[in-house]
Amino acid sequence: MKSKENKKTKQIDQHLVNNADKGMTSNDGVLIHDNNNTLKAGDRGPSLLEDFIYQDKLAHFDRERIPERVVHARGSGAHGIFEATADISSITRAKFLQKGTVTPLFARFSTVAGFKGSTDLARDVRGFSVKFYTEEGNYDLVGNNIPVFFIQDAMQFPDVVHAVKPEPNNEMPQAASAHDTFWDFISLMPESAHMSLWLMSDRAIPRSLRMMEGFGVHTFKFLNDQGKATFVKFHWKPRLGVHSVAWQEAQKISGYDADFHRRDLWEAIEKGDFPQWDLAVQLIPEEDEMKFSFDLLDPTKIIPEELVPLKIIGTMTLNRNPENFFAETEQIAFDPGRLVPGIDFSNDPLLQGRVFSYADTQNYRLGGPNFHELPINRPVNGKFNNQKDGFGRQDILKGNVSYFPNSLAEGCPYHAMLKGEKGFESHSEKIDAKKIRGRSPSFADHFTQARLFFQSQSEYEKEHIINAYSFELSKVKDLNVRKRELAILNQIDPNLAKQVGVNLGIEPPKELDPLTLQFARQNFEKYPIKAPKPEITKSSALSMAINPEEGTIKSRKVAILVADGVNKKSVDLMRNALQKEGAHAVLISTHVGNLKYNDGSEELVQFSYLTEASVCYDACYTPDGDSIAVLSQEPDYFQFINEAFRHCKALAFAKGAEELIDKSLFNNEKKDKGVILESQGNMVKDFIYIMKGHRIWDREKARKVAV
Ligand code: HDD
């Protein structure tokens, strides 16, 4: 597709139903006279079996629910497009990746462990799935916001999922890894050490789905026209940067707005702040497969960007919300096991296992083999084959032929090879091996890259990781599990283990626990091994720390804290400046309804201190005016600014509002660089600059405010 016309949304639109001006009908299109009352034998008599209108309504209602996804049940999605921007025609023949091609897509972001109705702000991995509706069929890149995985072999997927999900006896805790079974499993599985560090980092509590990276995780293969393979890793880089919230904030957001991420994505698209990511690849020539100190097929390893730089090959823009959550976001069926020509699997044993699981789960979840025909799943180029019948079949196949070869239908649908066309072809890789049920010894180094990750973090990020391990392991009741995990941390970084150990009251064991060793030796004859020397010991790409000079406040939400009598000029000064930067100012007052300005004018306010909390905003500003006398008596106002301070956000105060700081819990912190006073410089400019740095994390270290 070269034009900007979105074939997918056009296809979807054919299925939209609009009830406007329509009389209500039964499912068979019969106009309904009364849909409030069942048919009865007299006013006070029993209901009658012949009431097909009632049966029609209830029978459908009784079947409204389908099984939620066994993992990634909680998700939010949107339509968009992908525009290929680089010439990689010598590397892959995939048409949608050819420069200038625009392809419609649907993206779904998810948490892993929680049920469908769980909070968005759980500490968790985020799913990052994209279905490209290409001219050569659907291609799904089903990744995560973390570039490595807990396990190396798909056989253990049900185990890791059972361990992290609520415990089977009492179905607790919901959407949380901080419990015994998860850490029991992790502490027996040293291969999960690398991913557990990512999970304990701020990556696992994103500020927004629009502000997280995505990764294909596995090494895949690109194939060119000649069938030559190049290994490839996929990365999604968000244009808004990579940002998190603070852990305490995450927990509070879960109470104030469990839909925080879903709402943020929805509202951004509605406002026209279309989220964008660049798609980048790391390309590794086939002959370099064995060049690294780690195995490219091991999904617990990254390829550091310093070893293989990223090449940007296109941009994804999400520009349309679903019309209907169930029909689109819920019924979309992702499957990393379905490819388009020019892309192939590698032999990563986790990826190989995924190839089976997804179609299998969709067959169950979506009720049979015709889920491909649901509007959200249909390819835009059509599907033509001899598969037929089954529950919910929608396509109506013409003619009497549904087999191949045939002559009665002139050999159609034909095989591409018979017409000299090129369809999907797998890489003709030579394999000469014995069948074994086991693991490659080249997968046995579990700690070097975990160490690389930890050592690449800034000081505050290390602190957050230490706090996260301490939090999670404190929630574990079994002391042996705590100790066993501490022994793993000690292999990664003794200082990490020591500090977590202090919080748990345990001295980190020097050696891995005998049980951990016993299970690891089931997979690796020699364990632990002497790790190969890594190419690098630090990688700046692994840290989320940002330089304000490179930051943006585009689409951020800033609370303007007002009350009746506020000075309009003082409000507009900040609001206009924020607008120019693409940020959104939100007025919060002591009551909703009309706000009275000092100049007699009024403005409708939709948010009050009763409904809002600082955790749902990126920064706050207090303008001056007669509102100050009101706010100085308003405990919820002080709760707002105290919490904003505690969570390391920028707070600006107009000149006449500065006195409010004296009543706050940070009244000694007027010199804090994130507390910006109009009397002391260019307030608006300084405020925006500080916000571009996202948070003032070093404020946290001193634990200056206990809210
Ligand atoms: Fe998976 C869903 C990502 C390993 C089996 N997975 C699912 C989703 C994402 C991922 C983002 C949600 C898709 C959506 O939005 O509908 N999964 C991953 C990544 C993995 C991974 C990045 C490792 C690199 N998964 C993995 C393995 C297996 C599965 C090894 C099984 C062998 N995953 C599933 C599943 C799910 C799923 C059970 C649940 C619902 C679904 O597929 O559609 O089949």
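Bear in mind these aren't lab numbers, they're just calculated from the coordinates by the rules spelled out. Because the structure is predicted, anything quoted here is derived from the model rather than measured. Cβ sites come from the backbone with ideal geometry, for glycine too, and all protein chains shown count toward neighbours.
Note on Lys685 and Asn495: with the Förster distance fixed at 30 Å, the Cβ-Cβ geometry gives a FRET efficiency of about 0.15. Checking every one of the GluC sites (Glu not before Pro) in the stretch 251-332 against DSSP loop status and a limit of 12 other Cβ atoms within 10 Å picks out Glu306.
Per residue of the chain, the DSSP helices (runs of n ≥ 4 H) give a summed -39500 (n - 2.57) that works out to -7500 deg cm²/dmol at 222 nm. Spin-label model, Val17/Gln174: points 7 Å from Cα along the beta carbon direction are separated by 3.0 nm.
Please work out how much length the chain gains when fully extended from Ser47 to Asp360, using 0.36 nm per residue of separation minus the C-alpha to C-alpha distance, in nm with one decimal.
Details: separation 313, 0.36 × 313 = 112.68 nm, distance 4.27 nm.
Result: 108.4 nm gained on full extension.
Each Cα pair under 8 Å and six or more residues apart adds its separation to the average, and for the chain the resulting relative contact order is 12 percent. Model label points for Thr85 and Lys10, set 7 angstrom from Cα along the Cα-to-Cβ axis, are 2.6 nm apart. Full extension of the segment from Glu463 to Lys422, taken as 0.36 nm per residue of separation minus the current Cα-Cα distance, would add 9.4 nm. Picking from Ile553, Gln579, Val684, whose Cα lies most toward the positive end of the charge dipole for the stretch 551-701 (charges on Cβ: Lys, Arg +1; Asp, Glu -1)? Selected residue: Ile553. Across the stretch 543-550, computed HN-Hα scalar couplings (Karplus, 6.51 cos²θ - 1.76 cosθ + 1.60, θ = phi - 60°) run 9, 9, 4, 10, 9, x, 4, 9 Hz from first to last residue, x flagging Gly and Pro. In this structure, Asn37 and Glu603 have a Cβ-Cβ separation that, at R0 = 30 Å, corresponds to a calculated FRET efficiency of about 0.05.
P(r) for the stretch 551-701, from all Cα pairs and a bin width of 5 Å, is 2, 10, 21, 25, 23, 13, 4, 1, 0 %, short bins first.
For Lys40, a cut-off of 20 angstrom between C-alpha atoms picks up these lysines, skipping any fewer than 8 places away in its own chain: Lys57. The stretch 581-628 and the stretch 630-707 have Cα centres spaced 16 Å apart.
Once the chymotrypsin sites (Phe, Trp or Tyr not before Pro) in DSSP loops with at most 12 neighbouring Cβ atoms within 10 Å are cut out of the chain, the longest remaining piece is 1-383.
Of all lysines in the structure, those lying under 18 Å Cα to Cα from Lys398, and not within fewer than 8 positions of it along the same chain, are Lys383, Lys388.
Based on Cα contacts under 8 Å between residues 6+ apart, the stretch 2-62 shows a relative contact order of 21 percent. Checking every one of the trypsin sites (Lys or Arg not before Pro) in the stretch 447-499 against DSSP loop status and a limit of 12 other Cβ atoms within 10 Å picks out Lys477. A Förster radius of 45 Å combined with the Cβ-Cβ distance from Lys311 to Ser26 puts the calculated FRET efficiency at roughly 0.20. Among the trypsin sites (Lys or Arg not before Pro) within the stretch 526-580, those in coil by DSSP and having at most 16 neighbouring Cβ atoms inside 10 Å are Lys526, Lys530, Lys538, Lys554.
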